[in-house]
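After the structure tokens below, expect a handful of questions from me.
The values are calculated or read from the model by the stated rules, or taken from the named source; none is laboratory data. Everything numeric in this text was worked out from a predicted model, so none of it was measured. Quick reminder, even Gly has a Cβ in these numbers, built from the backbone with ideal geometry, and neighbours come from all protein chains shown. We work out accessible area using only protein heavy atoms, side chains counted, and drop any ligands, DNA or RNA first. Shrake-Rupley method; radii C 1.70, N 1.55, O 1.52, S 1.80 Å.
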Amino acid sequence: MSLKKQALLLRVGFDLGRYSRSDVSDWVTAEIMEADQIDGPLLELGTLAGKSDEDISGLLRDLAGPVPEGLAARVEVGLVGRLVEAGTMKLEPAIRRLLSLVYEGLDEEEQGCIFQLDDAYDLAAAGTYGTMEQVRNDFTDFTGRYRDLVNLATYGPLPGAGRISGTKA
């Protein structure tokens with residue numbers, strides 16, 4: 001997998017709190033050890049001391065380079081789905097996270113699905129209509145569309161990658 005794809009997945013996971021500063025540092029160290037030439041964001045990521053989380057995320061974004069509109073949001077949808085599946089993120093904050101992505105380049109159909117999930121969750125939680133099991137199934141169906149974007153076999157090993165799929169690292 002390319003450095004750019006790894007940086008994108010790592011940034012999304014870091015922003016979600018799934019990867020720590022230590023995970024980023026370990027990944028950067030491994031990349032630097034394998035690189036023929038080190039410059040730009042990778043070089044700057046070589047020392048995380050004194051950098052804010054926003055700075056780290058920005059450098060990972062720079063390292064990933066330009067991505068097609070909506071790709072980062074779709075990667076995040078897939079990762080959030082995997083985190084819920086693995087039991088490391090609860091359904092309500094996951095749906096709220098998806099809601100925050102609605103205007104990040106997703107198309108109208110994707111936006112509609114997210115709004116529908118949000119409404120379904122609220123109605124099921126209030127006991128008005130539907131069940132949490134139905135909401136979870138709809139959530140899994142929706143996020144499952146993006147599973148390949150966070151297929152860790154495609155992306156190669158990243159820090160804690162086994163934890164995302166629910167297996168031991």
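Quick one: Cα centre-to-centre distance for the range 38-64 and the range 73-146, in angstrom?
30 Å
Which whole-number value in Å² is the accessible area per residue of the chain, probe 1.4 Å?
Heavy-atom SASA per residue in the chain reads 53 Å².
Eight or more residues apart or on different chains, and alpha-carbon atoms under 24 Å: count the Lys pairs in the chain matching that.
Final tally of qualifying lysine pairs is 4.
Have a look at Leu43, Val28, Val75 and report the one farthest towards the positive end of the charge dipole of the chain, computed about the Cα centre with Cβ charges (Lys/Arg +1, Asp/Glu -1).
With unit charges placed on the Cβ atoms, the residue in question is Val28.
Related question: Relative contact order for the chain: what percent, with Cα pairs under 8 Å and sequence separation of 6 or more?
Answer for the chain is 29 percent.
Where nothing but the Cβ of Lys and Arg (+1) and of Asp and Glu (-1) is charged, how large is the charge dipole of the chain around its Cα centre, in debye to the nearest 20?
On the way: 17 positive and 28 negative charges, 123 e Å.
Charge dipole, the chain, about its Cα centre: 600 debye, nearest 20.
Tell me the angle of helix 53-64 to the major Cα principal axis of the chain, expressed in degrees between 0 and 90 and rounded to the nearest ten.
80 degrees
Summing Lys, Arg as +1 and Asp, Glu as -1, what charge do residues with Cβ under 13 Å from the Cβ of Ser2 carry, Ser2 excluded?
0
Run the Debye formula on the Cα coordinates of the chain, all scatterers equal and no solvent, and tell me log10 I(q)/I(0) at q = 0.10, 0.14, 0.18, 0.21 1/Å.
Here the Debye-derived log intensity ratios amount to -0.40, -0.74, -1.11, -1.39.
If you don't mind, another one. Compute the angle between helix 132-144 and the longest alpha-carbon principal axis of the chain, please, reported from 0 to 90 degrees and rounded to the nearest 10.
That helix lies at roughly 40 degrees to the long axis.
Just from its helices, what would the mean residue ellipticity at 222 nm be for the chain, if runs of 4 or more DSSP H residues each count -39500 (n - 2.57) and the sum is divided by every residue, rounded to the nearest 500 deg cm²/dmol?
That comes out to -20000 deg cm²/dmol.
Here's something else I'd like to know. I'd like the carbon and sulfur percentage of the solvent accessible area for the chain, probe radius 1.4 Å, heavy atoms only, ligands and nucleic acids excluded.
On the chain, the fraction of accessible area on carbon and sulfur atoms equals 49 percent.
If we count every other residue with Cβ under 11 angstrom of Lys51's Cβ, Lys/Arg +1 and Asp/Glu -1, where does the sum land?
Neighbourhood net charge equals -3.
Mind checking the dipole of the range 35-122: about its Cα centre, +1 per Lys or Arg Cβ, -1 per Asp or Glu Cβ, Debye to the nearest 20?
Values: 7 positive and 19 negative charges, 74 e Å.
The dipole of the range 35-122 has a size of about 360 debye.
Also, quick follow-up: Rg/Rh for the range 47-129 to two decimals, with Rh computed the Kirkwood way over all alpha-carbon pairs.
On the Cα set of the range 47-129, Rg over Rh gives 1.07.
Under a 1.4 angstrom probe, counting protein chains only, how are Met89, Met33 ranked by accessible area, largest first?
Values: Met89 40, Met33 155 Å².
In descending accessible area the options line up as Met33, Met89.
Between helix 21-34 and the chain, what is the angle of the helix's C-alpha long axis to the longest principal axis, kept within 0 to 90° and rounded to the nearest 10?
50 degrees
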